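The values are calculated or read from the model by the stated rules, or taken from the named source; none is laboratory data. Every value quoted in this text rests on a predicted model; they were computed, and no experiment measured them. Glycine gets a Cβ as well: all are built from the backbone with ideal geometry, and neighbour counts include every protein chain shown.
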């Protein structure tokens, strides 16, 4: 019975991946990810702190991540990620995330998840194309508000900070045991071939049409945070 349940869940997720990985779906995902980031940063004093956002090396957004309550429990979602390069933010790479404990809001059927990779160690694990958020690599619940608390150690040791939003509620959320990896089906659908994950996020892939809304939202969020920091430093 247990084997049957796992098989049915695997088949369900595979069907979900196929149905949601065509070119129109990938463009919708990029648009949704940009909207999520814009709305979170527009919330006064309730968004991602400016210091955290301007210090992030990569930004991943998983819009409408679902909680699977059928047969066996679990969470699964698909999203996009971009990383800083010497020429600005990279073309987005498509990711999937699943398994683990997300500490999501009770009763939520779906959430928007944002994961910020804060240091080189986190980036290198992400570039390996399969990043397990467990043990020392767990994504800590990110601080919320205009400024990060001086007492936090996110600058020194945290590889990733994560946030979730459900029904208008936004909060830092701990993630443990989940796996982030390249979404090959969506990559092929959008780029026309399975572009290597590290190549995309290292800035060696041109950002094609359809990526504008997401990358614009990332740049706008960063510019807004940087402008606030500069104004308050005067």
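Take the residues of region 143-166 that are under 16 Å from residue 57 (Cα atoms) and either more than 13 Å from the chain's Cα centre (by Cα) or surrounded by fewer than 14 Cβ atoms within 10 Å (Cβ to Cβ) (or both): which is modelled with the highest pLDDT?
159
Here is a list: 184, 213, 202. Which entry is out of contact with any helix residue (DSSP H, G or I) (no Cβ under 8 Å at 6 or more places or on another chain) and either modelled with pLDDT of 90 or more or on the phi > 0 side of the Ramachandran plot (or both)?
Selected residue: 184, the only one of 184, 213, 202 that is out of contact with any helix residue (DSSP H, G or I) (no Cβ under 8 Å at 6 or more places or on another chain) and either modelled with pLDDT of 90 or more or on the phi > 0 side of the Ramachandran plot (or both).
Taking residue 175 as meeting all but one of (1) touching a helix residue (DSSP H, G or I) at 6+ places or on another chain (Cβ under 7 Å); (2) crowded, with 16+ Cβ neighbours inside 10 Å; (3) more than 15 Å from residue 23 (Cβ to Cβ), write down the number of the exception.
(1)
Residues that are at negative phi, crowded, with 16+ Cβ neighbours inside 10 Å and modelled with pLDDT of 85 or more: which helices (runs of 4 or more DSSP H) entirely in region 1-107 hold 1 or more of them?
Working: elements: 2-19, 23-42, 50-55.
Fully inside region 1-107 and qualifying: 23-42, 50-55.
Starting from residues that are buried (at least 19 other Cβ atoms within 10 Å of the Cβ) and within 15 Å of residue 130 (Cα to Cα), keep the ones in region 199-213 and report whichever is farthest from the chain's Cα centre (by Cα).
Taking region 199-213 first, the residues buried (at least 19 other Cβ atoms within 10 Å of the Cβ) are 200-201, 211.
This time we only want the ones that are within 15 Å of residue 130 (Cα to Cα), so: 200-201.
Numbers: 200: 16, 201: 13 Å.
It comes out as 200.
Quick one: is residue 169 touching a helix residue (DSSP H, G or I) at 6+ places or on another chain (Cβ under 8 Å), more than 20 Å from residue 25 (Cβ to Cβ) and either surrounded by 14 or more Cβ atoms within 10 Å (Cβ to Cβ) or modelled with pLDDT under 95 (or both)? First the steps, then the outcome.
Values: touching a helix residue (DSSP H, G or I) at 6+ places or on another chain (Cβ under 8 Å): no; more than 20 Å from residue 25 (Cβ to Cβ): yes; either surrounded by 14 or more Cβ atoms within 10 Å (Cβ to Cβ) or modelled with pLDDT under 95 (or both): yes.
Taking the combined requirement at face value, the residue does not satisfy it.
Quick one: in region 187-198, of everything that is assigned to a loop (DSSP other than H, G, I, E, B) and out of contact with any helix residue (DSSP H, G or I) (no Cβ under 7 Å at 6 or more places or on another chain), which residue is surrounded by the most Cβ atoms within 10 Å (Cβ to Cβ)?
To start, the set of residues in region 187-198 that are assigned to a loop (DSSP other than H, G, I, E, B) comprises 192-196.
Still in the running and out of contact with any helix residue (DSSP H, G or I) (no Cβ under 7 Å at 6 or more places or on another chain): 192-193, 196.
Numbers: 192: 10, 193: 8, 196: 16.
The qualifying residue surrounded by the most Cβ atoms within 10 Å (Cβ to Cβ) is 196.
Only one of (1) in contact with a helix residue (DSSP H, G or I) (Cβ under 7 Å, 6 or more places away or on another chain); (2) surrounded by 15 or more Cβ atoms within 10 Å (Cβ to Cβ); (3) at pLDDT below 75 is not met by residue 118, so which one is it?
Looking at each condition in turn, residue 118 falls short on (3).
Just one of the numbered conditions (1) touching a helix residue (DSSP H, G or I) at 6+ places or on another chain (Cβ under 7 Å); (2) under 29 Å from residue 49 (Cβ atoms); (3) in a helix (DSSP H, G or I) is not true of residue 207; which one?
(3)
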